[in-house]
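Novice: Please see the structure below; I have some questions.
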Amino acid sequence: MVVGVLAIQGDFEKHLSSLSRCSQPPETLEVRTEAELARIDRLIIPGGESTTVGLLLERYGLGPAIQQRAEGGMPIWGTCMGMIMLAAEVEGSSQYRLGLMDVTVRRNAFGAQVHSFEDTFAFDGQEVTGVFIRAPIVTSMGPGVSELARYSDQIVAVRQGNRVGTSFHPELTDDVRLHEWFLKI
Ligand code: GLN
């Protein structure tokens, strides 16, 4: 199994490092082109800047190619910016997005960069530490979407079939349980 990490911008190297620390490290690939996308079995979209990455996905045609792979069933996990990219709607913005999850997100919902923080909460029944950096929240979701975690009464992790979005950054902790979990989807 080859796990791709979208490597246009953002903290993709941290995801590669987390994957390398899994109990059975998968083969990994930095994905920037359609040819690379065609070689992977799963995709992680990292944290970063959603407007920048959206523009580049649109300009270089990788967005439609990701949508096509998603329709073919490829599991995709978006962390922070990645979750914004997966959303159908971004509150107050028409920025480019993949629209692969029936959710509306609010960007920077916990405040600006200076309000970044980390804290623990329950994810799918297990306690995890979430690092939140200008993190989005899910403000509404369709019937096909399930909530996986809340923090401070806000929805911070969702799943729709093979697609997962988390507001926080497991790749910025030592804990690889969420990466291991994603590999089993
Ligand atoms: N606030 C960023 C955005 O809207 C996301 C931040 C992150 O990925 N850490 O794109």
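Novice: Go through (1) surrounded by fewer than 22 Cβ atoms within 10 Å (Cβ to Cβ); (2) among the hydrophobic types (A, V, I, L, M, F, W, C); (3) in contact with a His (Cβ under 9 Å, 6 or more places away or on another chain); (4) more than 19 Å from residue 176 (Cα to Cα) for residue 135 and report which single condition fails.
Specialist: Evaluating residue 135 over (1) surrounded by fewer than 22 Cβ atoms within 10 Å (Cβ to Cβ); (2) among the hydrophobic types (A, V, I, L, M, F, W, C); (3) in contact with a His (Cβ under 9 Å, 6 or more places away or on another chain); (4) more than 19 Å from residue 176 (Cα to Cα) leaves (1) as the failure.
Novice: Condition check: in contact with a Phe, Trp or Tyr (Cβ under 7 Å, 6 or more places away or on another chain), modelled with pLDDT of 95 or more and farther than 18 Å from residue 107 by Cβ. Does residue 30 satisfy that?
Specialist: Working: in contact with a Phe, Trp or Tyr (Cβ under 7 Å, 6 or more places away or on another chain): yes; modelled with pLDDT of 95 or more: yes; farther than 18 Å from residue 107 by Cβ: yes.
Criteria met by residue 30.
Novice: So, in the range 78-96, exactly how many residues are out of contact with any Ser or Thr (no Cβ under 8 Å at 6 or more places or on another chain) and aliphatic (A, V, I, L, M)?
Specialist: 1
Novice: Name the single residue that is farthest from residue 54 (Cα to Cα) among those in the range 89-109 being within 10 Å of the ligand (Cβ to nearest atom) and assigned to a loop (DSSP other than H, G, I, E, B). Even if it seems obvious, please write down each step before you answer.
Specialist: Taking the range 89-109 first, the residues within 10 Å of the ligand (Cβ to nearest atom) are 90, 93, 95, 105-109.
Remaining after also requiring assigned to a loop (DSSP other than H, G, I, E, B): 95, 107-109.
Details: 95: 7, 107: 14, 108: 16, 109: 19 Å.
Here the residue is 109.
Novice: Out of the residues in the range 44-57 that are buried (at least 22 other Cβ atoms within 10 Å of the Cβ) and away from the ligand (no atom under 12 Å from the Cβ), which is nearest to residue 101 (Cα to Cα)?
Specialist: Across the range 44-57, the extreme among qualifying residues is 44.
Novice: All but one of (1) away from the ligand (no atom under 11 Å from the Cβ); (2) touching a residue at least 40 places away in the same chain (Cβ under 8 Å); (3) buried (at least 21 other Cβ atoms within 10 Å of the Cβ); (4) under 13 Å from the mean Cα position of the chain (by Cα) hold for residue 123, so report the exception by its number.
Specialist: Going through the list (1) away from the ligand (no atom under 11 Å from the Cβ); (2) touching a residue at least 40 places away in the same chain (Cβ under 8 Å); (3) buried (at least 21 other Cβ atoms within 10 Å of the Cβ); (4) under 13 Å from the mean Cα position of the chain (by Cα), residue 123 breaks only (4).
Novice: Quickly run through the range 126-150 and pick out the residues that are closer than 24 Å to residue 162 by Cβ, touching a residue at least 12 places away in the same chain (Cβ under 8 Å) and outside any loop (DSSP other than H, G, I, E, B).
Specialist: Once the filter is applied, which keeps residues that are closer than 24 Å to residue 162 by Cβ, touching a residue at least 12 places away in the same chain (Cβ under 8 Å) and outside any loop (DSSP other than H, G, I, E, B), the range 126-150 yields 126, 128, 130, 137, 138, 139, 140, 141, 146, 148, 149, 150.
Novice: Taking interchain pairs and intrachain pairs at least six residues apart, which have beta carbon atoms under 9 angstrom, with the first residue in the range 60-86 and more than 13 Å from the ligand (Cβ to nearest atom) and the second among the aromatic types (Phe, Trp, Tyr) and not in a helix (DSSP H, G or I)?
Specialist: Correct list of pairs: 63/96.
The values are calculated or read from the model by the stated rules, or taken from the named source; none is laboratory data. Nothing here was measured: the structure is a model prediction, and the numbers come from that model. When we count neighbours, we look across all protein chains shown, and the Cβ atoms used for this are built from the backbone with ideal geometry, even at glycine.
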